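Take a look at the structure below.
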Amino acid sequence: MDAYFEILNQQNEVNVKFDWIATATGSGGTHAGLAIGQALSPEAIPVKGYSVEPNAQYILDHTLAIANEALKMIGEETLLKTKDFYFSEEYSGEAYGIPSPIHIDTIKWLAKYEGIFLDPVYTSKAFTALIMDIKNGVIKAGSKVLYVHTGGLPGIFAYPQYF
Ligand SMILES: Cc1ncc(COP(=O)(O)O)c(C=O)c1O
């Protein structure tokens with residue numbers, strides 16, 4: 001939640017207005033926190049969580065549940081509903097921890113052109129799905145998207161067969 005407000009402050013500092021915030025989602029904590037920040041803020045930037053595995057309805061349900069638990073904990077009466085969450089499990093590959101060739105390509109591409117390393121389990125899946133959303137027009141070309149890179153770099157060393 002604090003990260004959401006930090007993002008608002010930082011976008012003012014660099015004079016950018018983000019149209020979207022995008023992040024990987026595994027157990028839902030990151031997405032839930034950002035979504036709470038958005039819900040409590042007068043300046044709403046939609047937050048999209050990209051699942052790192054297919055058949056992920058249970059992740060969305062869990063995200064909603066922990067977001068609402070947190071809102072109750074801080075005394076908020078207005079709770080969130082499933083429709084308040086932007087969520088996608090497309091392009092998440094066949095299973096958790098199993099990257100598809102496209103995810104590995106994304107890691108290599110971003111490393112080559114930007115010097116930024118994604119990991120095979122979380123961030124490459126979300127970043128790939130984000131690029132596909134842009135390619136498919138789900139997120140309009142030219143939108144300003146903040147991709148929250150959640151780390152995981154050491155994961156690369158667990159997949160030496162791809163690099
Ligand atoms: C690198 C990385 N990104 C994203 C996530 C997913 O975050 P969350 O569990 O908050 O959805 C994890 C979870 O372990 C992670 O290790």
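Values in this text are rule-based calculations from the coordinates and carry no lab data. Everything numeric here is computed off the predicted structure, so don't read it as measured data. With ideal geometry, Cβ positions are generated from the backbone for all residues, glycine too; neighbour counts draw on all protein chains shown.
Counting DSSP beta bridges in the stretch 2-162, what percent are antiparallel, to the nearest 5?
The antiparallel proportion sits near 10 percent.
The chain: longest stretch without exposed GluC sites (Glu not before Pro) (DSSP loop, at most 10 other Cβ within 10 Å), sites themselves excluded?
In the chain, the maximal stretch lacking such sites is 1-76.
In whole percent, what relative contact order does the stretch 2-162 give with Cα contacts below 8 Å and a gap of six or more residues?
Relative contact order, the stretch 2-162: 27 percent.
Mind counting lysine pairs for me in the chain? Cα separation below 15 Å, and the two need to be 8 or more apart along the chain or on different chains.
So the count of such lysine pairs works out to 10.
Summing Lys, Arg as +1 and Asp, Glu as -1, what charge do residues with Cβ under 10 Å from the Cβ of residue 39 carry, residue 39 excluded?
Numbers: positive: none; negative: 76, 84.
Here the charged neighbours net out to -2.
Taking the highest mean first, how do the peptides 95-101, 140-146 order by number of other beta carbon atoms within 10 angstrom per residue?
Most protected by this proxy first, the peptides run 95-101, 140-146.
Calculate I(q)/I(0) for the chain by the Debye formula, one identical point scatterer on each C-alpha and no solvent, and give its log10 at q = 0.11, 0.12, 0.16 Å⁻¹ to two decimals.
Taking Cα atoms of the chain as identical point scatterers yields -0.45, -0.53, -0.92.
Only Lys, Arg, Asp and Glu count, each charged at its Cβ (+1, +1, -1, -1), so figure out the dipole size of the stretch 2-162 about its Cα centre, rounded to 20 debye. Kindly include the intermediate steps, with their values, before the conclusion.
On the way: 11 positive and 18 negative charges, 84 e Å.
Taking the Cα centre of the stretch 2-162 as origin, the dipole is about 400 debye.
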